[in-house]
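Values in this text are rule-based calculations from the coordinates and carry no lab data. None of these values were measured; they are calculated from a predicted model. Cβ coordinates were reconstructed from backbone atoms using ideal geometry, including for glycine residues, and neighbour counts include every protein chain displayed.
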Amino acid sequence: MVSALPIHLPQSFTVTDDQFWELAKTNPELRLERTAEGELIVMPPTGSEGGNYNAELTIDIGTWNRRTQLGKVFDSSTGFKLPNGATRAPDTAWVTNERWNALTPEQRKKFAPICPDFVLELASESDDLDTLRQKMQEYINNGCRLGWLIIPKIQQVEIYRGDGAVEVLQSPVTLSGEAVLPGFTLHLATIF
């Protein structure tokens, strides 16, 4: 199973933050990520069903956020430059207002140099689960406080927490936003 096509660069070849931004801007049809080691990754498009699930999940979190006004919600086309140097684009992300407002206007326009407080990854049919799990752990290692890896194919959710704990739930009906997304409950009936 291949979830992404890595582009291997010679060890002496490096891509600066500005060059990566220009590459992504020049190729808007490509969904690009960059690992902490500088490896470029081209993400394949999501299948129609997965795209619908992604949209529904982002809408649910966005609706909660509009009501609470606690932060900013981002979709899968948004890249974040993590503290380890990787540039990642979770399927859905959320950042508190306090942390978002601490960024300069220039930082907000490009790949914001911040790890989201919350991330959600939705495993598609073509995704490699080990790769997604590594990505979830990377978010946690870079300061994410809560992450959900939702795997519709087997009706499973892996919950990643800032303390390093990972909880696996089989066929849950709802998920709690806990203290990170206070008062938010995700109903999984549209996906499971």
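Report the relative contact order of the chain, percent, no decimals, based on alpha-carbon pairs under 8 angstrom and at least 6 residues apart.
Relative contact order for the chain comes out at 16 percent.
Hey, can you grab everything whose amide H is under 5 Å from the amide H of THR92? Only 5+ residues off in sequence or another chain; H modelled, so Pro and N-termini drop out.
Placed amide hydrogens put LEU120 under 5 Å from THR92.
If each DSSP helix of 4+ residues adds -39,500 (n - 2.57) and the sum is divided by the residues in the chain, what number results at 222 nm, nearest 500 deg cm²/dmol?
Value at 222 nm, helices only, nearest 500: -8500 deg cm²/dmol.
Gaussian network model of the chain, Cα springs within a sub-10 Å range: biggest mean-square fluctuation belongs to which of TYR160, TYR53, TYR139?
Largest GNM mean-square fluctuation: TYR53.
Please list, short to long, the whole-number percent of alpha-carbon pairs of the stretch 47-190 in consecutive 5 angstrom bins beginning at zero.
Distribution as computed: 2, 10, 21, 25, 22, 14, 6, 1, 0 percent.
I'd like the Karplus ³J(HN,Hα) series for the stretch 59-66: coefficients 6.51, -1.76, 1.60, θ = phi - 60°, whole numbers in Hz, and an x wherever there's a Gly or Pro.
4, 4, 5, x, 5, 4, 5, 4
How many angstrom separate the Cα center of the stretch 28-64 from the Cα center of the stretch 72-133?
Using only Cα atoms, the two centres lie 10 Å from each other.
Using Cα springs under 10 Å in a Gaussian network model of the chain, which residue among THR92, THR58, THR131 shows the largest mean-square fluctuation?
THR131
If the only charges are +1 at each Lys and Arg Cβ and -1 at each Asp and Glu Cβ, what is the size of the charge dipole of the stretch 51-125 around the Cα centre, to the nearest 20 debye?
For this selection, approximately 420 debye.
Give me a comma-separated list of calculated 3J(HN,Hα) values for the stretch 175-192, in order, Karplus coefficients 6.51, -1.76, 1.60 applied at θ = phi - 60°, integers in Hz, x for any Gly or Pro.
10, 9, x, 6, 6, 6, 10, x, x, 8, 10, 9, 8, 8, 4, 6, 9, 9
Treating only the Cβ of Lys, Arg, Asp and Glu as charged (+1, +1, -1, -1), what charge dipole size does the chain show about its Cα centre? Round to the nearest 20 debye.
560 debye
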